[in-house]
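Working notes for the structure below.
The values are calculated or read from the model by the stated rules, or taken from the named source; none is laboratory data. The structure presented is a predicted model; accordingly, all values stated were derived computationally and were not measured. Quick note on the areas: whole protein, heavy atoms, side chains included, nothing else; ligands and nucleic acids left out. Shrake-Rupley method; radii C 1.70, N 1.55, O 1.52, S 1.80 Å.
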Amino acid sequence: EVQLVFELGTDEAPRRIVVNHVSEEIAVLGEETFMEPADSTETTIGFFAGFNAGGFDIDLGARWDDIERDGTIREMHHEEEQVGEHGEAAFELEPFTYSDQSVSAAVTISRQLSDTLNASLNLGVVNRAPSAMELFMNGEHLAVARYELGDANLDSERSNNIDLGLSYASDDWFANVSVYSNQVDNYIYLQDEMDDDHGEGHEEGHEEGHDEHDHEG
């Protein structure tokens, strides 16, 4: 992992650009191999700025992500010529590349209403790409006693957040009150499934899943 930080502003008006690059290889070895090795590269460019305008303190941040994950998915075949010697369904390993680019942004606007009272408004749109395991895991996970399936067709999670807060602070007392809403699209999570080939399984996914697997919403 390599990170470069460029300080462009001052203490009163901070300006910052951050460039981050991560290269990662994930491999599950030994008897408990429930995922083939996967390589991931993530490049992120972020910008932050803080300033005061018309009595309001404003903090603004934005981030661009470029993500690529190379792994292997198991395709299940039910044709007679591809069934194993004990009658089980046969698997074929297929290379697969997931790539995604996204932009996330957030802004905080606050104002000091009095010596003891402060109000703030936070708005944010955040994207999260699925991890390598969420995409490519496919096998028996002995540590948790379940069969886990990933979904190579997952979309990135998108979270839309709004938060309105009011804080009070004096020499003897302090209090905080906030009202917020958080809406998430394409939420990725583990869901119990009953599958004809594997019995009870757990897998990562969404409503529009892979053809060979059941997937969660």
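Here Glu32 sits with roughly 50 square angstrom of accessible surface, probe radius 1.4 Å. Counted over all Cα-Cα pairs of the range 1-66, pairs farther apart than 14 Å make up 68 percent.
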